[in-house]
Amino acid sequence: MARADRISAKLTAGLKPLVMNVVDESHQHAGHGGWREGGETHYRITIVADAFAGKSRLERHRLVNALLRDEFDTGLHALAIEAAAPGEAVRGL
Amino acid sequence: MTDARAIIDNAVKTNDVVLFMKGTPQFPMCGFSGQVVQILDYLGIAYQGVNVLDDADVRQGIKDYSNWPTIPQLYVKGEFIGGCDIVREMFQSGELQTFLTEKGIAVRQAAG
């Protein structure tokens with residue numbers, strides 16, 4: 001399974017998002033730090049979930065990072081996160 | 001306390017604003033680090049940059065220090081603020097400027 005699919009599956013299971021978009025941006029970082037042959041290093045996530053309501057940005061990112069710990073341990077290098085609660089403005093879709 | 005943790009702890013506690021980053025404020029080696037540098041420079045913030053590429057133990061250690069898997073990481077008065085996305089969102093909403101001012105950090109006011 002591609003990393004993007006694993007990311008989607010883990011976030012879906014852990015956060016039951018209302019909206020989610022996972023984009024593999026690894027190719028944009030070819031030759032830069034953290035990039036490696038085969039890609040799957042740089043991702044951008046936009047996610048809207050009830051779980052984020054009332055939580056700080058730091059807490060929201062920690063929720064996402066914790067669900068993806070195995071991915072970070074296996075070569076995920078960079079993760080841009082936009083995490084919103086329902087009703088909040090979302091820029092990244 | 002390991003050497004790396006001692007180095008990190010010292011940097012966080014002896015600098016009002018410290019950015020753990022790849023490269024230096026003058027020569028960022030990563031786009032995410034570079035974005036935070038641009039924001040801090042735009043606001044005229046005096047800060048200490050720590051280049052994690054200089055020390056593999058610090059590079060791993062800073063991820064453990066705040067249980068945060070990525071770099072850059074910004075600390076203000078000993079408090080972990082966040083990475084690139086959080087700093088950028090706080091800057092764009094004006095929260096970063098307010099937060100820094102409340103912490104007693106001098107922030108350059110944007111020209112009218």
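Have a look at B:ARG88, B:ARG59 and point out the one that is under 23 Å from A:ARG60 (Cβ atoms), basic (Lys, Arg) and in contact with a helix residue (DSSP H, G or I) (Cβ under 7 Å, 6 or more places away or on another chain).
B:ARG88
Taking B:THR14 as the residue in question, decide whether it is free of Cβ contacts under 8 Å to residues at least 40 places away in the same chain and over 28 Å from A:ARG44 (Cα atoms).
It is true that B:THR14 is free of Cβ contacts under 8 Å to residues at least 40 places away in the same chain and over 28 Å from A:ARG44 (Cα atoms).
Could you tell me which residue of region A:39-65 is farthest from A:GLU25 (Cα to Cα), considering only residues that are open to solvent by 30 Å² or more (accessible area, probe 1.4 Å), in a helix (DSSP H, G or I) and not aliphatic (A, V, I, L, M)?
A:ASP50
If a residue has to be among the small types (Gly, Ala, Ser) and within 9 Å of another protein chain (Cβ to nearest Cβ) to count, how many in region B:51-105 make the cut?
2
Which residue pairs have Cβ atoms closer than 7 Å, lie 6 or more positions apart in sequence or on different chains, and pair a first residue in region A:67-87 that is under 18 Å from A:GLU25 (Cβ atoms) and facing another protein chain (nearest Cβ under 7 Å) with a second residue that is modelled with pLDDT of 95 or more and open to solvent by 60 Å² or more (accessible area, probe 1.4 Å)?
From region A:67-87, the pairs are A:ALA80/A:ARG44.
Among the residues that make up region A:47-59, is at least one of them under 27 Å from B:GLY23 (Cα atoms), facing another protein chain (nearest Cβ under 9 Å) and at pLDDT 95 or above?
Scanning region A:47-59, I find at least one residue that is under 27 Å from B:GLY23 (Cα atoms), facing another protein chain (nearest Cβ under 9 Å) and at pLDDT 95 or above, so the answer is yes.
Please determine, by comparing only the residues of region A:71-93 that are touching a Gly at 6+ places or on another chain (Cβ under 8 Å) and open to solvent by 20 Å² or more (accessible area, probe 1.4 Å), which one is nearest to B:ARG88 (Cα to Cα).
A:GLU82
Do we have A:LEU68 as open to solvent by less than 60 Å² (accessible area, probe 1.4 Å), at pLDDT 95 or above and within 23 Å of B:MET21 (Cβ to Cβ) here?
yes
Return a yes/no flag: does region A:20-38 have any residue that is away from every other protein chain (no Cβ under 14 Å), open to solvent by 70 Å² or more (accessible area, probe 1.4 Å), touching a strand residue (DSSP E or B) at 6+ places or on another chain (Cβ under 7 Å) and modelled with pLDDT of 95 or more.
The answer is no; no qualifying residue exists.
When you scan region B:83-110, how many residues do you find that are within 15 Å of B:ILE45 (Cβ to Cβ) and open to solvent by 30 Å² or more (accessible area, probe 1.4 Å)?
14
With the structure loaded, tell me whether B:PRO25 is of a type outside the set (Gly, Ala, Ser), more than 13 Å from every other protein chain (Cβ to nearest Cβ) and in contact (Cβ under 8 Å) with a residue 24 or more places away in the chain or whether it fails that test.
In short, yes.
The values are calculated or read from the model by the stated rules, or taken from the named source; none is laboratory data. These numbers come from a predicted model, not from an experiment. Reconstructed Cβ throughout: ideal geometry from the backbone, glycine too, with neighbour counts over all protein chains shown. Calculation scope for accessible area: heavy atoms of the full protein, side chains included, ligands and nucleic acids excluded. Shrake-Rupley method; radii C 1.70, N 1.55, O 1.52, S 1.80 Å.
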